[in-house]
Every structure is written in structure tokens, then in C-alpha cells.
1. 5 Å is the cut-off here: which amide hydrogens, built 1.01 Å from N in the peptide plane, fall below it relative to Gly162, excluding neighbours closer than 5 in sequence?
2. Could you tell me which trypsin sites (Lys or Arg not before Pro) in the stretch 255-343 are loop residues by DSSP with no more than 14 other beta carbons within 10 angstrom of their beta carbon?
3. Tell me the trypsin sites (Lys or Arg not before Pro) within the stretch 164-245 that lie in a loop according to DSSP and have at most 12 other beta-carbon atoms within 10 Å.
4. Just to be sure I understand the model, the point goes 7 Å from the Cα along the line to the Cβ. What's the resulting Val309 to Glu261 distance in nm?
5. Would you work out the charge dipole size for the stretch 238-343 about its Cα centre, treating the Cβ of every Lys and Arg as +1 and the Cβ of every Asp and Glu as -1, and quote it to the nearest 20 debye?
6. Ser218 to Asn279: FRET efficiency via 1/(1 + (r/R0)^6), r the Cβ-Cβ distance, R0 35 Å, to the nearest 0.05?
7. Between Leu216 and residues 5 or more places away or on another chain, which pairs have amide H atoms under 5 Å apart, with H built 1.01 Å from N, and which residues are they?
8. Would you kindly derive the ³J(HN,Hα) couplings of the stretch 247-256 from the backbone phi angles with the Karplus curve 6.51 cos²θ - 1.76 cosθ + 1.60 (θ = phi - 60°), listing them in order in whole Hz, with x for Gly and Pro?
Amino acid sequence: MVIAMRTIEWDQDSRSVKMIDQTLLPQEYRVIKCNNLALLCEAIRSLRVRGAPALAAAGGFGIALAAELSSANTMEKLLKDLQIAANTLKATRPTAVNLGWGVERVMGAVSHAYDVAGIRDIATSEAMRLADEDVLINKKLGEYGASLLDDGDTVLTHCNAGRMACVDWGTALGVIRSAVEDGKEINVIACETRPLNQGGRITTWELMQDNIPVKLISDSMSGHVMYKGMVDKVIVGADRITEDAVFNKVGTYTHAILAEEHKIPFYVAAPVSTFDFKNWEENVEIEQRDADELRFVGDVQIAPLDVEVYNPAFDATPMEFVKAIITENGIFRPPFLLDEVRT
Ligand code: MRU
């Protein structure tokens, strides 16, 4: 199957946000269009579009959509409408810093407009520029990261940090794709990533499209495969990187500890937009998700309906376990000086 479009795009004809509905993968490849903000927010909340860099694009396109739909005829009224939209978009998923970054980037650009039409034009063009840049950034990051991989390596990854988590190419999987493009043979072990199975459903599907060898394991098997010597490196993406921790899909912390114990390098691949230079781990809100994600798999009940559930979407891995962070500005090693990353 050929993936005919980017993960998320602006559709100029219908003036809507077009995306691959990731909740349906791998059984069905369906493209949906969100022609109002409520639909887009629902798509973000329910993970039809997901992954930190893809959420940045969703945030940017959300402002473009709000600008299109607003009937405001003065700059003041339109900017007020956009501010409401910005707050609504940012509240959909609190942990992935890229969502707010994408929203703010387009909001910043429209503040330079001279009239109402200018605001609308700038919102769309800036959001499209952000999406184009995401692809280039991931390619660059991939080129840097490929140097960390050796021919014949087996890389364990968690969740999906591939093209479906970005506009295209991917961060952690982008590094693997770039290494494969360089002629290296890379095998991947994908952790299924309970409860929503982004690893089992999306990472495996993506890699199989590219004929990159991948083995699926359950999350609880990562210690076993490391102990058995089946893993050379771990590479994950990130939803937010503070001075002291990397936030990524829940389960990442466990793999990091296990990698440390087995002397396997644990790498993080993320664009600079994922760095949060203002916060520390303790200040970051971790998104809590619906209890039914653990009580059901699809429509099948797998736990008592009234069981109490704890379902954080992300965890924090302290920096001491991170051997390198791969960005579009290069590879950074401890001690991570976040100001250096930015330059
Ligand atoms: O809840 P999700 O599916 O949006 O979580 C995604 C992840 O945790 C990814 O690993 C992260 O966003 C990095 S994607 C390049």
C-alpha cells in the first residue's frame, strides 16, 4: 500500500484539516476532514491525529481553520476569536508541548497582519510552513541520529514516533529510516504500547510499509529481550523535554531503567520544539485518560466495569538515564545544556 498523503495537511479546496484517522489503523486506512474546530479538537482528543510533532501541525492548522470560520469583520474581533480557539486547542492535550508551540507560532505570525484578510492568509501560510518545516527537521534529525546506529543493530522503540506521529518521516523511526537509507541493516523491536497500542498498530504497520524488519512484543517483554541480548539500542521520541526529564508515552521510563541495567544506550529523538525551557518535571501536567481505555480493548470488556483505574498517558524519564538526545541541531550528550540545543 502506498501512503498517498502526509499524516496531516491543510486542504485548500474544502478549507479544512485533512488527516489519516490513526484510530482505525492498521485495519483501515481512512482520510478524514475536519471542517470545524470542534471536529478537530475531537480528533486530537481521541488520537485520530497524535504524536507530538503532528500535534504541532494540528495546532497550527487549528488556528488557520478558526480564522477561516470566524465571521469577524474587524481585526480586534478576529484576534479575539483566534485567542479563544488557541485556548481550546491547547486544552485538548496538556502534556505534548508541541501542540501549544504550533498554536503559538501561528498566533505570533498573525499578530503581524495589517487587516482581516491578512490574518486569514498568514494563518494558513504559516501553518503550512510549519508543516513543511517539520518534514525537513525530521530528515535532518534522522541524518544526525543515523550516525549512532551500526549496521546490523536491533533497536527497541516504544509507542509510535514515526511518520504518523509527525507530518512525515518521523523522529525515532526517522533515525532508523535514515540509517536504512544509508545502507545499514536495522531490525526493530516494537513494544505494543498498552493501552492504545500505538506500537502494535502503527509502528509495525509503518515499518512494514518500508520493508524494515520489525518484531512486535508486549510492553512487559522488554526486560526479557534486553536480558537475552536481543537489543543493541533503544530510541524513543518525546512529548516534552524539560531540564531534568523526558516525557514520553507511559512505559518509556521502564525501558530506560532496563536499558541502563543492561548497559544498552537509551536515546531520545525529538525536534527542538519539544524542549520546554521554562519548566521542570514537577510542574508538568501529565494527561490522564479515560478509564475505559484499560477496561476495554475495542468493544471487548477486559476488566470489571467498576474497577478503579489509573491511566496516565505519559511518564517522565530522569535525564540520568538518557545517553543522547538527537535533534535537528545535532546530537547532545550529558550534561544536557538546553540553551545549547536551541542554537
Ligand atoms: O498519546 P500519543 O500517541 O500522542 O503519544 C505519542 C508519543 O508518546 C510519542 O512517542 C511522542 O509524541 C513522540 S512522536 C515523534
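1. Residues meeting the amide H criterion: Thr171, Leu173.
2. Answer by residue number: Lys263, Lys278.
3. For trypsin sites (Lys or Arg not before Pro) across the stretch 164-245 that sit outside H, G, I, E and B with at most 12 neighbouring Cβ atoms in 10 Å, the list reads Lys228.
4. Each label point lies 7 Å from its Cα, and together they span 2.8 nm.
5. So the magnitude is around 500 debye.
6. Working from the Cβ atoms, E equals 0.60.
7. Distant-sequence amide H within range of Leu216: Ala190.
8. Karplus values, whole Hz, x for Gly and Pro: 8, 8, 3, 3, x, 4, 4, 4, 5, 5.
Readers should treat all values here as calculations from the given coordinates under stated rules, not as data from a laboratory. Computed from a prediction, not measured in an experiment: that's the story for all the values here. Backbone-built Cβ (ideal geometry, glycine too); neighbour counts: all protein chains shown.
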